[in-house]
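Peer 1: This structure is in structure tokens; I'll ask about it shortly.
The values are calculated or read from the model by the stated rules, or taken from the named source; none is laboratory data. What you are looking at is a predicted structure, and each value in this text was computed from that prediction instead of being measured. Because the Cβ atoms are built from the backbone with ideal geometry, glycine has one as well, and the counts that use them run over all protein chains shown. Just so you know, the surface numbers come from the protein's heavy atoms only, side chains and all, with ligands and any DNA or RNA stripped out. Shrake-Rupley method; radii C 1.70, N 1.55, O 1.52, S 1.80 Å.
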Amino acid sequence: MDYNVSFPGLGLEFTVNPVAFTIGNYPVYWYGIIIASGLLLAVLYAYVSSKRYNVDGNKLINCILVGIITGIIGARLYYCFFEWDYYSKNPIEILYINNGGLAIYGGIIGALLGGLTVAKIQKMKVMPILDITMMGFLLGQGIGRWGNFMNQEAFGAPTDLPWGMVSQGTDNVAVHPCFFYESVWCLLGFVILHFYGKYRQRYAGQIFFSYLVWYGFERMIVEGLRSDSLYLHFEIFGNAVKVSQLLSAVIFVAGIVMLLINIKRKDSFYADYRRKKGIGSGKARSKK
């Protein structure tokens, strides 16, 4: 179906269709195309950046391929776990991922478990891989959230703000375009951490810890606006608790703690690499 999407306060209006095209009777959705595009760009970025992190690019691809598979599994299992009242009665539907129901935190956890397992098998250092992976996550998440826009999902509560979004999917009520908030935040974070990693990174894991702070803070705030959140099966102080909001708060604090613990840490590799490549010095050193 077509969605008539508008941002009345900005004078913008669009017509979007979740289906990009059909092959025979099989519909190909924009959601899948956009997610795949974000994933591809993230993989390319990771491969190109591997030398800067002293990581074997070919071995890294092995980690990524496994991480993609385990990420999809993790995203589905995470979602089903917190909707267990339904899936316990309809267990076969756990396999029906085409009906929707993937949770990004489950995807991140699954991808890390799978990818890092392969990294350990290949005797690779974990922290540089985490740095590269987090950059890929930011890029992929920033692009992938536009798939939510095409599906008219992942929006928030009603709002009177000028950029409130209205469509049939929102019951024609102006709501927070949470997909947009997260997309902008992730892409901004990608740009900032890319340049920080290139010119200023001091030790392996610094980008990973920074990602925890950057994404944890945003998701903690935006999840509070979401109208389609997963909830814990218990209350805290009489209030229902959103799973991703609580997890984001924990991740945010953990990131700050790790950055503070490592505030004086330096790895010679990063400074040496920049010096050899002439990064930040205006020109590379002459070879003797």
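Peer 1: Relative contact order for segment 1-127: what percent, with Cα pairs under 8 Å and sequence separation of 6 or more?
Peer 2: 21 percent
Peer 1: Rounded to two decimals, what is Rg over Rh for segment 130-262 when you use alpha-carbon atoms and the Kirkwood radius?
Peer 2: 1.03
Peer 1: So, in nm, how far is label VAL191 from label LEU41 when the simple model puts each one 7 Å beyond its Cα toward the Cβ?
Peer 2: Distance between the two pseudo-spin positions: 1.2 nm.
Peer 1: Considering only DSSP states other than H, G, I, E and B, which trypsin sites (Lys or Arg not before Pro) in segment 23-97 qualify as loop sites with at most 11 other Cβ atoms within 10 Å?
Peer 2: Answer in residue order: LYS89.
Peer 1: Using only alpha carbons, build the gyration tensor for the chain and give me the equivalent ellipsoid semi-axes, biggest first, whole Å.
Peer 2: Working: eigenvalues 248, 96, 88 Å².
Three semi-axes, in Å: 35, 22, 21.
Peer 1: Using 1/(1 + (r/R0)^6) with R0 = 45 angstrom and r between the beta carbons of ALA271 and LYS89, what's the FRET efficiency to the nearest 0.05? Spell out each step's value before the answer.
Peer 2: Working: r = 58 Å, r/R0 = 1.29.
It comes out at approximately 0.20.
Peer 1: Over the chain, with a Gaussian network built from C-alpha contacts below 10 Å, which listed residue (GLY278, GLY106, GLY197) shows the highest mean-square fluctuation?
Peer 2: Largest GNM mean-square fluctuation: GLY278.
Peer 1: Taking K and R as +1 and D and E as -1, what net charge do the other residues with C-beta under 15 Å from the C-beta of VAL118 add up to? Write down the numbers at each step before the final one.
Peer 2: Numbers: positive: LYS59, LYS120, LYS123, LYS125; negative: ASP56.
Around VAL118, the charge tally is +3.
Peer 1: Within segment 18-53, list the residues whose amide N lies under 19 Å from a label point set 7 Å along Cα→Cβ of MET1.
Peer 2: 18-21, 27-31
Peer 1: Could you sort the peptides 136-144, 203-211, 165-173, 26-34 by per-residue average Cβ neighbour count (10 Å cutoff), highest mean leading?
Peer 2: My ranking of the peptides, most packed first, is 136-144, 203-211, 165-173, 26-34.
Peer 1: Of TRP163, TRP185, which has the most accessible area and how do the rest follow, probe 1.4 Å?
Peer 2: On the way: TRP163 105, TRP185 70 Å².
Solvent-accessible surface, decreasing: TRP163, TRP185.
Peer 1: Given a cut-off of under 8 Å on Cα pairs at least six residues apart, what relative contact order in percent is computed for the chain? Intermediate results must be reported in sequence, preceding the final value.
Peer 2: On the way: 442 pairs, mean separation 53.2, N = 288.
Over the chain, the number comes to 18 percent.
Peer 1: For a Förster distance of 45 Å, can you work out the FRET efficiency between the beta-carbons of ILE279 and ILE97, rounded to the nearest 0.05? It would help to have the intermediate numbers written out before the result.
Peer 2: Details: r = 42 Å, r/R0 = 0.94.
Efficiency, from the Cβ-Cβ distance: 0.60.
Peer 1: Turning to a different aspect of this structure: Students often get this wrong, so check it: of LYS120/LYS277; LYS123/LYS266; LYS242/LYS264; LYS59/LYS89; LYS125/LYS242; LYS123/LYS198, which have C-alpha atoms separated by over 31 Å?
Peer 2: LYS242/LYS264; LYS59/LYS89; LYS125/LYS242
Peer 1: Shifting gears a bit: Tabulate in residue order the Karplus-calculated ³J(HN,Hα) for segment 112-126, using 6.51 cos²θ - 1.76 cosθ + 1.60 with θ = phi - 60°, rounded to whole Hz; enter x for Gly and Pro.
Peer 2: 5, 4, x, x, 6, 4, 5, 4, 5, 4, 7, 6, 9, 6, 6
Peer 1: Based solely on its DSSP helices, what 222 nm [θ] is calculated for the chain when runs of n ≥ 4 H residues each add -39,500 (n - 2.57) and the sum is averaged over all residues, nearest 500 deg cm²/dmol?
Peer 2: Rounded to the nearest 500, the figure is -19000 deg cm²/dmol.
Peer 1: Given a cut-off of under 8 Å on Cα pairs at least six residues apart, what relative contact order in percent is computed for segment 201-268?
Peer 2: The value is 47 percent.
Peer 1: Run the quick spin-label model on ILE236 and LYS125: label points 7 Å from Cα toward the beta carbon, then report their separation in nm to one decimal.
Peer 2: 3.6 nm
Peer 1: Gaussian network model of the chain, Cα springs within a sub-10 Å range: biggest mean-square fluctuation belongs to which of ASN17, ASN262, ASN239?
Peer 2: For the chain, modelled as a Gaussian network with Cα springs under 10 Å, the answer is ASN239.
Peer 1: Classify segment 8-47: rounded, prolate or oblate, from the alpha-carbon gyration tensor (a ≥ b ≥ c, eigenvalue square roots; a/c under 1.5 rounded; otherwise prolate if a/b is larger than b/c)?
Peer 2: Oblate.
Peer 1: Based on the Cβ-Cβ distance from LYS51 to VAL253, what FRET efficiency comes out when R0 is 45 Å, to the nearest 0.05?
Peer 2: Values: r = 33 Å, r/R0 = 0.73.
Step by step, r from the Cβ atoms, then E = 0.85.
Peer 1: May I ask you to work out the translational diffusion coefficient for segment 50-175 at 25 °C, viscosity 0.890 mPa s, via Stokes-Einstein with Rh from the Kirkwood sum over Cα pairs, reported in whole µm²/s? Write out the running numbers ahead of the final one.
Peer 2: Values: Rh = 16.7 Å.
So the translational diffusion coefficient is about 147 µm²/s.
Peer 1: With every protein chain in place, what's the accessible area of THR22 (1.4 Å probe, Å², nearest 10)?
Peer 2: 90 Å²
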